[in-house]
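Notes follow the structure.
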């Protein structure tokens with residue numbers, strides 16, 4: 001582990017401070033690429049314009065026509081938090097813009113039964129499940145790779161609007177949908193290529209509102225206030241771990257403001273309660289590690305309909321009941337994940353015993369692995385080994401037939417674009433991948449049916465070969481970027497609150513300070529966390545390292561976050577340790 005201090009452009013930090021930014025915050029923001037104080041303006045007027053997104057204006061015309069003509073719309077969702085929030089935003093937004101609730105429906109694929117995206121089977125499900133036959137299918141957080149599903153829907157007489165943010169297949173034509181809104185399609189000049197699926201749908205609604213405004217349905221003063229949906233947009237954006245570029249940070253900041261002011265959907269309020277979190281002090285941490293996992297758990301182990309209904313209902317009592325169900329499913333997910341992690345760690349230990357060091361990339365599989373949790377476990381192994389990692393399970397869940405295809409989810413490290421790697425594996429091993437897709441840091445694939453051991457060995461070898469070509473020793477060495485020492489005058493609850501109130505996340509990481517400390521006391525709590533008493537800058541401090549059981553040396557250099565620990569009504573500042581180096 002190499003602890004590397006971020007560079008801070010002194011002139012930029014000074015300019016930010018002169019513009020009124022807190023001195024510490026000015027240094028932290030400058031180190032993350034913020035150059036002017038105007039970049040910190042999170043007012044709605046600063047958001048990118050919807051007309052810049054290719055397909056958004058055409059989607060607005062399509063949906064405006066549908067609303068005015070009373071056409072029936074079915075939203076095809078996805079089974080993760082981004083897809084669930086995008087579905088809720090779509091349905092709530094269309095009602096706000098004048099659609100009748102009775103003309104709207106949604107379907108969400110079952111992860112095990114249907115797989116991902118708009119498939120012919122999902123088209124048929126939409127036709128069967130909806131109380132009335134839909135005229136239009138609107139995909140959210142999926143569809144850009146759904147050639148067969150789009151073709152089937154249009155053959156059945158349906159109009160198809162694809163809203164997605166995933167990368168289209170390189171060198172392949174796009175699906176022949178009536179309209180595609182996706183900032184990552186060729187020819188789109190929308191600056192935020194990292195926007196989440198829920199963000200794309202929000203922008204389509206903005207374009208629809210603009211189209212209806214030009215038709216005289218309302219004016220700027222009387223138009224529906226779509227910013228009321230930003231709590232959902234913020235949740236889906238953070239939970240999908242997309243890069244928090246300037247536009248995404250504004251979307252999240254606007255959503256957090258609403259939550260902190262108590263202006264949120266009933267389902268979000270219920271999820272905060274179920275998670276034991278306080279909305280008035282809401283942070284991106286709450287979205288990413290408290291609410292998001294509870295929504296995701298429904299799609300992993302049960303039915304994402306539970307999550308979507310929680311986000312759709314305005315009934316406080318029903319929202320509370322659904323949130324409690326999601327909380328129970330999430331506890332089950334943790335148990336399943338714990339068992340899988342143990343098995344995965346055994347496999348890793350055996351691999352290390354045989355090879356001496358981790359290969360440049362790896363793929364793991366066990367007959368007992370659960371399809372819904374492979375992505376989480378892949379992330380845990382990736383974090384431990386600092387290697388691109390895929391974890392596979394039988395398609396159809398545990399106990400599936402031995403010939404069932406293997407479905408895998410992967411997580412990557414900086415410098416290794418996972419979806420592009422899969423594309424190269426597919427070219428080098430024809431017939432191995434039945435399907436694949438995703439992003440730079442997270443992707444999924446299905447191996448063609450057949451002998452699982454043979455297919456997995458082919459995939460593992462091909463992935464390792466790509467990794468050996470793309471990754472050098474420096475890239476494979478874990479480097480943790482820190483913000484250097486924290487000046488002693490900032491070690492207080494006010495600074496912790498200041499930092500917690502900002503928007504941090506993927507690509508705009510939360511502050512991580514680095515100091516040499518003396519370890520005065522250390523003991524295990526909860527059998528898996530290291531409780532510390534440290535001497536830092538001449539003062540005794542409380543510290544904790546979650547998930548660490550190995551003792552520390554008497555003097556050590558630590559990377560840590562500033563946090564406030566609340567216990568029995570008392571608030572104490574503490575150091576939450578992330579690494580030693």
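The values are calculated or read from the model by the stated rules, or taken from the named source; none is laboratory data. A quick note: this is a predicted structure, and the numbers were derived from the prediction, not measured. Cβ atoms come from the backbone with ideal geometry, glycine included; neighbour counts cover every protein chain shown.
Could you identify the single residue in 520, 562 that is at pLDDT 95 or above, part of a strand (DSSP E or B), in the same structural domain as residue 491 (by TED's automatic domain parsing) and closer than 16 Å to residue 488 by Cα?
Values: 520 fails: closer than 16 Å to residue 488 by Cα.
Being at pLDDT 95 or above, part of a strand (DSSP E or B), in the same structural domain as residue 491 (by TED's automatic domain parsing) and closer than 16 Å to residue 488 by Cα holds for just one of 520, 562, which is 562.
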Matching residues in the range 523-537 (surrounded by fewer than 17 Cβ atoms within 10 Å (Cβ to Cβ) and in contact (Cβ under 8 Å) with a residue 24 or more places away in the chain) number 2
Residue 10 vs (1) modelled with pLDDT of 95 or more; (2) closer than 27 Å to residue 194 by Cβ; (3) not assigned by TED's automatic domain parsing to the domain that holds residue 217: all pass except (2)
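Sort through 321, 309, 332, 342 and tell me the only one that's more than 27 Å from residue 388 (Cβ to Cβ) and without any contact (Cβ under 8 Å) to a residue 12 or more places away in the chain. Please lay out each step first, then the result.
On the way: 309 fails: without any contact (Cβ under 8 Å) to a residue 12 or more places away in the chain; 332 fails: without any contact (Cβ under 8 Å) to a residue 12 or more places away in the chain; 342 fails: more than 27 Å from residue 388 (Cβ to Cβ).
Of 321, 309, 332, 342, the one residue that is more than 27 Å from residue 388 (Cβ to Cβ) and without any contact (Cβ under 8 Å) to a residue 12 or more places away in the chain is 321.
Could you say which residue among 58, 52 is closer than 23 Å to residue 191 by Cβ, over 27 Å from the mean Cα position of the chain (by Cα) and touching a residue at least 24 places away in the same chain (Cβ under 8 Å)?
The unique qualifying residue is 58.
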Picking from 579, 553, the residue that is over 33 Å from the mean Cα position of the chain (by Cα) and farther than 15 Å from residue 491 by Cβ would be 553
Of 70, 93, the only residue that is surrounded by fewer than 24 Cβ atoms within 10 Å (Cβ to Cβ), at positive phi and in the same structural domain as residue 186 (by TED's automatic domain parsing) is 70
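Among the residues of the range 6-22, count how many are exposed (fewer than 13 other Cβ atoms within 10 Å of the Cβ) and either in a helix (DSSP H, G or I) or in contact (Cβ under 8 Å) with a residue 60 or more places away in the chain (or both). Reasoning before the result, please.
In the first step, residues of the range 6-22 are kept if they are exposed (fewer than 13 other Cβ atoms within 10 Å of the Cβ); the result is 7, 10-11, 18-20.
So of that shortlist, the ones also either in a helix (DSSP H, G or I) or in contact (Cβ under 8 Å) with a residue 60 or more places away in the chain (or both) come out as 10-11, 18.
So the count comes out to 3.
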Those residues of the range 180-210 which are surrounded by 21 or more Cβ atoms within 10 Å (Cβ to Cβ) and farther than 14 Å from residue 251 by Cα amount to 180, 181, 182, 183, 190, 204, 205, 207, 208, 209
query = Taking residue 512, is it out of contact with any helix residue (DSSP H, G or I) (no Cβ under 7 Å at 6 or more places or on another chain), in contact (Cβ under 8 Å) with a residue 60 or more places away in the chain and surrounded by 19 or more Cβ atoms within 10 Å (Cβ to Cβ)?
reply = yes
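Among 189, 211, which is in the same structural domain as residue 241 (by TED's automatic domain parsing), touching a helix residue (DSSP H, G or I) at 6+ places or on another chain (Cβ under 7 Å), part of a loop (DSSP other than H, G, I, E, B) and at pLDDT 95 or above?
Values: 211 fails: part of a loop (DSSP other than H, G, I, E, B).
The match here is 189.
Quick grid of which residues meet (1) surrounded by fewer than 21 Cβ atoms within 10 Å (Cβ to Cβ); (2) free of Cβ contacts under 8 Å to residues at least 24 places away in the same chain:
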{"residue": "354", "(1), (2)": "yes, yes"}
{"residue": "358", "(1), (2)": "yes, no"}
{"residue": "361", "(1), (2)": "no, no"}
{"residue": "364", "(1), (2)": "no, no"}
{"residue": "372", "(1), (2)": "no, no"}
{"residue": "378", "(1), (2)": "no, no"}
{"residue": "385", "(1), (2)": "yes, no"}
{"residue": "388", "(1), (2)": "no, no"}
{"residue": "391", "(1), (2)": "no, no"}
Residue hits (the range 26-45; buried (at least 16 other Cβ atoms within 10 Å of the Cβ), farther than 30 Å from residue 473 by Cα, in contact (Cβ under 8 Å) with a residue 60 or more places away in the chain and under 25 Å from the mean Cα position of the chain (by Cα)) are 42
Picking from 242, 233, the residue that is crowded, with 21+ Cβ neighbours inside 10 Å, touching a residue at least 12 places away in the same chain (Cβ under 8 Å) and either under 30 Å from residue 335 (Cβ atoms) or touching a strand residue (DSSP E or B) at 6+ places or on another chain (Cβ under 7 Å) (or both) would be 242
